[in-house]
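Q: Mind having a look at this structure? Questions to follow.
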Amino acid sequence: MDSALSDPHNGSAEAGGAANGTTRPPSTPEGIALAYGSLLLMALLPIFFGALRSVRCARGKNASDMPETITSRDAARFPIIASCTLLGLYLFFKIFSQEYINLLLSMYFFVLGILALSHTISPFMNKFFPASFPNRQYQLLFTQGSGENKEGGRGSPAPGSGLTRPLCPEIINYEFDAKDLVCLGLSSIVGIWYLLRKHWIANNLFGLAFSLNGVELLHLNNVSTGCILLGGLFIYDVFWVFGTNVMVTVAKSFEAPIKLVFPQDLLEKGLEADNFAMLGLGDIVIPGIFIALLLRFDISLKKNTHTYFYTSFAAYIFGLGLTIFIMHIFKHAQL
């Protein structure tokens, strides 16, 4: 949930040197402005497009894309669960080897990132497939039991077969097509690139995909639930960012695409730049799901004005810009 000034592995240009004791040259004003501006833009894109896609998601009937609704009870418990998770990660990094923990987390987010990126690019890629593309349909179905021993016994006849088929609990029932497999293949290339190089562009592609999917698929049930969630996480941030060093320590130790990064020395070093400014995905997803709720509310009014959406979106831009400014002045992670 925090925004941090510098990359977790390299340290800030103003604060210190590299691991070998040499002093890192300070970032230029142009480089800093480019980094902060890029972070701001990358934060706005998944919120805007995720909010639009959340409207279609709420109207859709595809079971695999059904949104997860957050209730007021979920919102009240979320800061507590997040605090336990954060403290647990902090203790893990203090007790166990950081290298092995990050290796495990890298594999976990490698799989999640591929799936999230595939789901993100699928609507855009569909426009590039020719009409003659053989788009075969597939279904991945896992059920409990087998043969005559399947739970539920024998049941209704299978369509068009005249035979009976067992009724049994479905564990996984996922429908996809050949176009989805192409998107999955392209996303896997990015995943392998991230796994092997940990390059900041691959990290950002996964981070943007996580953010957009979060805004699209996590739905608040009403405005009061959003206020409970935002209020609880405000207290959570105040305590863990300013009251302790836990949040910053975990962010600096956690090698996973849970943040967007952009190099402040891009103009000097190009794509191999290594002095990063970063923005946590929580700063995007949590406000984003509230903004998406207001967009759906605007659309439900059927007035074609979208007043609540544009007002909240403008307020988010102002708040994030002010956060980045204060972060730069005080050289400390902000809410």
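Q: Of 198/331; 94/259; 179/269; 127/252; 259/331, which pairs sit farther than 28 Å apart, going by alpha carbon to alpha carbon? Could the numbers behind the result be given before it?
A: On the way: 198/331 25 Å; 94/259 21 Å; 179/269 38 Å; 127/252 39 Å; 259/331 18 Å.
179/269; 127/252, as the Cα separations exceed 28 Å there.
Q: Using the Karplus curve 6.51 cos²θ - 1.76 cosθ + 1.60 with θ = phi - 60°, what ³J(HN,Hα) values do you get for each residue of the stretch 186-201, in whole Hz, with x for Gly and Pro?
A: With coefficients 6.51, -1.76 and 1.60, one gets 5, 5, 5, 4, 5, x, 5, 4, 5, 5, 7, 10, 6, 5, 5, 5 Hz.
Q: What is the extension gain from residue 268 to residue 303, computed as 0.36 nm multiplied by their sequence separation minus the C-alpha to C-alpha distance, in nm to one decimal? Before the final figure, lay out the partial values.
A: Values: separation 35, 0.36 × 35 = 12.60 nm, distance 4.95 nm.
Residue separation times 0.36 nm, minus the Cα-Cα distance, leaves 7.6 nm.
Q: Heads up, I need the accessible area for residue 272: 1.4 angstrom probe, whole protein in place, Å², nearest 10.
A: 120 Å²
Q: Please state the shape class of the stretch 168-238: rounded when a/c is under 1.5, otherwise prolate if a/b exceeds b/c and oblate if not, all from the C-alpha gyration tensor.
A: Details: a/c = 2.89, a/b = 1.35, b/c = 2.15.
Oblate shape, in that a/c is at least 1.5 and b/c is the bigger or equal ratio.
Q: Would you mind checking which residues have amide H under 5 Å from residue 70's amide H? H placed 1.01 Å from N; only 5 or more apart, or other chain.
A: 219, 220, 221
Q: Of all trypsin sites (Lys or Arg not before Pro) in the stretch 263-333, which ones are in loop regions per DSSP and have a Cβ with at most 13 other Cβ atoms within 10 Å? Each step should come with its number before you reach the end.
A: On the way: sites: 269, 296, 302, 303, 331; in loops: 302, 303, 331.
Qualifying residues, ordered by number: 302, 303, 331.
Q: Report the gain in length on full extension from residue 115 to residue 192: 0.36 nm times residue separation, minus Cα-Cα distance, nm rounded to one decimal.
A: On the way: separation 77, 0.36 × 77 = 27.72 nm, distance 1.30 nm.
Result: 26.4 nm gained on full extension.
Q: Residue 122: accessible area at probe 1.4 Å, nearest 10 Å²?
A: 20 Å²
Q: Where a ≥ b ≥ c are the square roots of the eigenvalues of the C-alpha gyration tensor, would you call the stretch 286-335 rounded, which needs a/c under 1.5, or, failing that, prolate if a/b is larger than b/c, or oblate?
A: Values: a/c = 7.84, a/b = 3.01, b/c = 2.61.
Prolate shape, in that a/c is at least 1.5 and a/b is the bigger ratio.
Q: What percentage of the solvent-accessible surface of the stretch 177-272, computed with a 1.4 Å probe over protein heavy atoms, is contributed by carbon and sulfur atoms? It would help to have the intermediate numbers written out before the result.
A: Values: 2900 of 4010 Å².
Roughly 72 percent of what the probe reaches on the stretch 177-272 is carbon or sulfur.
Q: Can you give me the accessible area per residue for the stretch 163-305, using a 1.4 Å probe, in Å²?
A: Details: 6320 Å² over 143 residues.
For the stretch 163-305, the per-residue accessible area is 44 Å².
Q: Shifting gears a bit: Give me the extension gain from residue 77 to residue 40: residue separation times 0.36 nm, minus the current Cα-Cα distance, reported in nm with one decimal. The partial results should precede the final answer.
A: On the way: separation 37, 0.36 × 37 = 13.32 nm, distance 2.93 nm.
Net length gain for the segment: 10.4 nm.
Q: For the stretch 38-112, which trypsin sites (Lys or Arg not before Pro) are both in a DSSP coil and crowded by at most 14 other Cβ atoms within 10 Å? Provide the component values of the computation, followed by the final result.
A: On the way: sites: 53, 56, 59, 61, 73, 77, 94; in loops: 61.
Counting only loop positions with at most 14 other Cβ atoms within 10 Å, the trypsin sites (Lys or Arg not before Pro) in the stretch 38-112 are 61.
Q: According to a simple spin-label model (label point 7 Å from Cα along Cα-to-Cβ), what is the distance in nm between residue 235 and residue 87?
A: Output for this residue pair reads 1.5 nm.
The values are calculated or read from the model by the stated rules, or taken from the named source; none is laboratory data. Just so you know, these numbers come straight off a predicted model, no measurement behind them. Quick reminder, even Gly has a Cβ in these numbers, built from the backbone with ideal geometry, and neighbours come from all protein chains shown. What goes into the accessible areas is simple: the full protein's heavy atoms, side chains included, and nothing from ligands, DNA or RNA. Shrake-Rupley method; radii C 1.70, N 1.55, O 1.52, S 1.80 Å.
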